[in-house]
Every structure is written in structure tokens, then in C-alpha cells.
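None of the figures in this text is laboratory data; all of them are computed from the coordinates on show. Everything numeric in this text was worked out from a predicted model, so none of it was measured. A quick note on method: Cβ atoms are made from the backbone with ideal geometry, for glycine too, and the neighbour counts reach across all protein chains shown.
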Amino acid sequence: MRVRVSPVRATGSMLLCMSAETPSVRELNLIVGYDGSPPAKRALETSARWLSVRPPGRITVVWVAHLGPGVELSADAVAIVESDFDQVAQEIRAAVGEQLAGSGLPWDFRWRQGLIVHELIAAAESVQAARPDDVVVILVGSSSSAMHRVVGSIAVSLAHHSPVPVTIVP
């Protein structure tokens, strides 16, 4: 129910107007960065909990195949690596399916190749462009690595650069 407060000029008091009109609920699109690690599993679990109490919405699980900077491969090696990425993507998708089994929540799986932060942002922007009235949020697990605390983590980079809200799941 919507409540509108309007000043009444003659007496200076406030008049409450109530309407039975229910505002529309925006769909929640959760982009979950997932690599099968315990923090990624917690992020996926959190997204499922969110949607179970706050429908409607959907989960888009994104795995980013990433070769470190400075890796140079021949054309033959690139073909082998991409084939390996396909296999890993299938395994990760199956693990996601097992984790979300029985939830009844709508979800899809995408795999991208590139820099993890850029690809997660690109996935979120793609969903936002396709559904501009929806709320898009990126969820990632926090890293417990000491090195990430020193040089920065994917979660921290997303928090600094993402055009959509980011939730870092501890």
C-alpha cells in the first residue's frame, strides 16, 4: 500500500492519502562470479537465499576462463586451451546445477574468457541492457588469501569499478 503525505495549506497540518495501488516489483538479476571455490559456493548460496525470500528474479552464474598476463600461446596451444576451457565450463555448470538443485530458482550459466573483473562487469552490463528496469547485482565471494589483501582482489576491484551494485560475500 502506498502512503502519500500532502501538506494542507489552510491549517498547516498534514493529510495522509492512502492508495490500494501496489507498486510494481522490479526483478532482481544476480550475477554470480563462480569458479567452484568455497567463496564462490558461498556467493551462489547467498544468491539463492536472496531470491527465495525476494522474488522475482534470476541467477546468472558466470565463470571466467582466465590466462594470466604475459601468457603467449601458439595457435595450436590456444585451440587446446579453449577445448580444456569447454571441459572445465561443463564441469562447473554441473556443479552449479547440483548446488541449485531443488531450489526451483531460474538460473543460467555463461562462460567468458578474459580478465575476470572486466568480464563480470560486461556480463552485468549485458543483463542490464537487456532488462533496463530490473535491478542487477554482482555477487562474489571474498578471498581469504593474504596476497589478495596486499595487492587487491577481484572483489575489491569490482567494488571500485562496477557500474552496478556489488555484494562481497564473506
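Counting only other residues whose beta carbon sits under 14 Å from that of residue 139, what net charge do I get with K and R as +1, D and E as -1? Net of charged neighbours comes to +3. Using R0 = 22 Å, the C-beta based FRET efficiency linking residue 84 and residue 118 works out to 0.55. Stretching residue 161 away from residue 101 to a fully extended chain increases their span by 18.3 nm, per 0.36 nm per residue minus the current alpha-carbon distance. If you take all other residues with their beta carbon under 11 Å from the beta carbon of residue 108, and give Lys and Arg +1 and Asp and Glu -1, the sum is +3.
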